[in-house]
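Data first, discussion second: the structure below is written as structure tokens.
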Amino acid sequence: MLAIQANGLQRAFKGGIKAVDGIDLSIEQGEIYGFLGPNGAGKTTTVRMLVTLLLPTGGSATVAGHDVAKEAGAVRRRIGVALQEAALDSLMTGNELMLLQATLQGMKTDAAKKRCSELIERVGLTDAGDRRVGGYSGGMKRRLDLAMALVHSPSVLFLDEPTTGLDPTSRFTLWQEVSRLREEGTTVFLTTQYLEEADQLADRVGIIADGKIVAEGTPEALKRESGANHIEVILLEGSDPTAATAALSSLGEPMEASGKHDVSIRLREPGIGVADAVRVLDDAGLEVAEIELVKPSLDDVFMEKTGHRLEGSGDGES
Amino acid sequence: MSERQVVPALIRRALNELIRVPGAAIPGVLAPTIFMLGLTAVFGQVTHLPGFNGLDQYIAFVLPVGLLQGAGFTGAATGVNMARDIEQGWFDRLLLAPVSRPMLLAGIVGSASLRALIPTTTLVLVGMAFGVKFPGVAELFIAASLVMILAACTACWGAIIALKFRTQQAAPLMQIGSFVAVLFTAAYAPIGMLQPWLHTVATINPVNYVLTGVRQGFIGSVTWADTWPAYVAGFGLLAVLGTFAVRGMRRTGQ
């Protein structure tokens, strides 16, 4: 049984605006699926339909084997959700919120207390558990939100941009938790605008733009499809970039040089590497300060599929 | 655990706000208290008019009005809090729970009923300090229970508005519902003294029956004839407003 399946899922709003325009999804149990797209692409609308907060206006979807429109209660029992902007009552403590969430999920008091205590420890909030959430940092709130989403051990977890606005350390901590969920067999539907996040965590990635899925596959496959490696060169002062470009064009096709680089070449074959480029430049009598082999990134995939760079990718790409 | 456990859990959450931010209760207490004392100071002598049938304390006549206003403020505050929860995303957390919508609503309006006991207690104590006689335990129980029912009604009204407009900016609409409902009753003068049109409106206004039920212990004795219509009117109003509020919750996201 697929954990998440969607067939022609659509959501139109007043005025006929289609936020989600007929998407298909097939996500296996235990898979981490990265759902990438810029703001306004339809990521959150898709999530809200899959978690039963929004009725589809077309198509169908099942989560954990239950129809999101017709069996919303059954879906809610099997999913955990951490939506964008961790919605937490700032006057309550972390422990109180955990217990309230467990009650909302219908857990018995003793089991709830044990599970809450385990999860609070797991997300590193034991010392802060009795403090009001209003005094938590953004990272602590996100970790608490994740713990709350896991309180009833859901089989499918939806994380809607869980690391947006977090510092790198908090982001890394959350990634570790998501990786751990993979080991436990939980299906994770992860929406993000950070390419590195999808690259690090996701088994497969779907790219959504203007309400449609424009690419889907493993990060590696998508990057392979996206094109060849390229070489970026910074020349020593006095070396002529035009001559360097001419020399390196024997290895591939010149590209527009980015940032501090003087020359960029898209390599013709995957076997060509830095050593070949250095040899060509040396033969031409050109001196190199820095040279780098760059493999295609998800940002390149995104650029190719949508025609523009992903917002926030600069924060996430190394 | 039954999903009924959700109701006390949500009530605890709402009361937690009062414990940790006690100032949140002040408007709901202060406004009806000032209103009650102010009206008594200005219109205290109207009890000499024939329609009041020899009543010697105007404050005893308007204290029940203050109780209903306190219920109105509490209910409106519940609606405002709900709109805040919608704006901040907390309400999504509730909607994502595998809990029936009537249970969620019961938790939300149940807190309003309990919170209404704060202005009720304050107003009764202030009224007694200004000479209102203690109505008796049974009478006070009837008055308090009717106030709690009305607070649940106004909380449902607040919820309907919050679900419709999804913003705290709709707060005036939440408040005006109970204000108008209490105004169009025999709040400030006996029903026989009202203008014919207002007399007619008060006669069909269910809140007037609730007011009569609350008032009976303070200016006379409790009678079955004034008690049962008050409960029927209160529960009837709650059933109607509750139905619309649950419908609003179910339609969220459609």
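Since every read-out is calculated from the coordinates, none of them should be taken as a lab result. In this text the structure is predicted, and so the values were computed from the model without any measurement. Please note: Cβ atoms are built from the backbone with ideal geometry, for glycine as well, and neighbour counts cover all protein chains shown.
Angle of helix B:101-115 to the longest C-alpha principal axis of chain B, folded into 0 to 90 degrees and rounded to 10: 40°. Each of B:90, B:228 was scored by other Cβ atoms within 10 Å of its Cβ. Arranged with the fewest first, they read B:228, B:90.
Quick one: among A:187, A:93, A:44, which has the greatest mean-square fluctuation in a GNM of chain A with alpha-carbon springs under 10 angstrom? Comparing A:187, A:93, A:44 in the GNM, the peak value goes to A:93.
Computed from the mean reciprocal separation of all distinct C-alpha pairs, what Kirkwood hydrodynamic radius does chain B have, in Å?
On the way: mean 1/r = 0.0540 Å⁻¹.
Across chain B, the inverse of the average 1/r is 18.5 Å.
Estimated from helical segments only, the mean residue ellipticity of chain B at 222 nm is -25500 deg cm²/dmol, where each DSSP H run of four or more residues counts as -39500 (n - 2.57).
For a distance above 14 Å, tell me the whole-number percent of Cα pairs in the range A:228-295 that qualify. List each step's numbers first, then the result.
Numbers: 1081 of 2278 pairs.
Cα-Cα pairs in the range A:228-295 separated by more than 14 Å: 47 percent.
What's the longest uninterrupted piece of chain A once you rule out the trypsin sites (Lys or Arg not before Pro) that are loop residues per DSSP with at most 14 other Cβ within 10 Å? Walk me through the intermediate numbers first.
Values: sites that count: A:70, A:108, A:131, A:260, A:268.
Formally, the longest exposed-site-free interval is A:132-259.
Within the straight-line cut-off of under 19 Å between alpha carbons, the aspartates and glutamates reachable from residue B:164 are B:85, B:87, B:92, sequence neighbours fewer than 8 places apart in one chain being disregarded.
Which three semi-axes in whole Å describe the equivalent ellipsoid of the range A:1-88, each the square root of 5 times a Cα gyration tensor eigenvalue, listed largest first?
Working from the Cα gyration tensor, I get semi-axes of 19, 16, 14 Å.
Here, chain A yields an orientationally averaged convex hull projection of 19.5 nm² when only Cα atoms define the hull. Please list, by residue number, everything in the range B:200-217 whose backbone N is under 18 Å from a paramagnetic label point 7 Å out along Cα→Cβ of residue B:145. Taking a point 7 Å out along Cα→Cβ of residue B:145, the residues of the range B:200-217 whose backbone N falls under 18 Å are B:209-217. With the simple spin-label model, which puts each label point 7 Å out from Cα in the Cβ direction, the residue A:224 to residue B:46 separation comes to 8.6 nm.
Largest GNM mean-square fluctuation across B:165, B:235, B:218, computed for chain B with C-alpha springs under 10 Å, falls on B:165.
When the pairs A:141/A:223; A:212/A:305; A:43/A:305; A:70/A:212 are compared against a 22 Å limit on Cα-Cα distance, A:141/A:223; A:70/A:212 fall above it. Rounded to the nearest 20 debye, the dipole magnitude of the range A:8-111 is 340 debye, with +1 charges on Lys and Arg beta carbons, -1 on Asp and Glu beta carbons, and the Cα centre as origin.
To one decimal place, what orientation-averaged projected area in nm² is obtained for the convex hull of the Cα set of the range A:51-135? Please list the in-between numbers first.
Working: hull surface 27.0 nm².
Convex hull of Cα atoms, orientation-averaged projection: 6.7 nm².
Each 10 Å bin, from zero up to the one with the longest distance, holds this percent of the alpha carbon pairs of the range A:172-268: 13, 30, 24, 21, 11, 2. A viscosity of 0.890 mPa s and a temperature of 25 °C, combined with the Kirkwood radius over Cα pairs in Stokes-Einstein, give a translational diffusion coefficient for the protein assembly as shown of 89 µm²/s.
Globularity index of the range A:129-230 is 1.22 (Cα radius of gyration / 2.2 N^0.38 Å, N = number of residues). Rounded to the nearest 10 degrees, what's the angle between the helix B:224-251 long axis and the longest principal axis of chain B, both from Cα atoms, 0 to 90? Relative to chain B, helix B:224-251 is tipped by roughly 30 degrees. Of the chymotrypsin sites (Phe, Trp or Tyr not before Pro) in the range A:3-51, which ones lie in a loop per DSSP and count no more than 12 other C-beta atoms within 10 Å? Of the chymotrypsin sites (Phe, Trp or Tyr not before Pro), the ones in loops of the range A:3-51 whose Cβ has at most 12 other Cβ atoms within 10 Å are A:13. A straight line joining the Cα centroids of the range A:213-254 and the range B:33-52 runs 88 Å.
Counting other Cβ atoms within 10 Å of each Cβ, which GluC sites (Glu not before Pro) in the range A:1-72 have at most 15 and sit in a DSSP loop? Loop-located and lightly packed - A:28. Pair-distance distribution P(r) for the range B:69-132, from all Cα-Cα distances in 10 Å bins starting at 0: 20, 39, 24, 12, 5, 0 percent.
Normalising the Debye intensity of the range B:130-204 to I(0), with uniform scatterers on Cα atoms only, and taking log10 at q = 0.26 Å⁻¹ returns -1.08. Taking the DSSP bridge list for the protein assembly as shown and keeping only pairs wholly inside it, about 65 percent are antiparallel. Modelled spin-label separation between residue A:17 and residue B:137, with each label point placed 7 Å from Cα along the Cα-to-Cβ direction: 6.2 nm. Suppose we keep just the DSSP beta bridges with both residues in chain A; what percent of those would be antiparallel, to 5? The antiparallel fraction comes to roughly 65 percent.
Suppose the chain between residue A:39 and residue A:70 were pulled fully straight at 0.36 nm per residue; how much longer would it get relative to their current alpha carbon spacing? Write down the numbers at each step before the final one.
Values: separation 31, 0.36 × 31 = 11.16 nm, distance 2.91 nm.
Additional length available on full extension: 8.2 nm.
Per-residue Cβ counts within 10 Å, from other chains only, averaged over A:148-155: what number is that?
Numbers: counts 1, 2, 0, 0, 2, 0, 0, 0.
For peptide A:148-155, the averaged partner shielding equals 1.
Report the residue, chosen from A:87, A:64, A:147, that carries the largest GNM mean-square fluctuation when chain A is represented by alpha-carbon nodes joined by springs under 10 Å. The residue that fluctuates most here is A:87.
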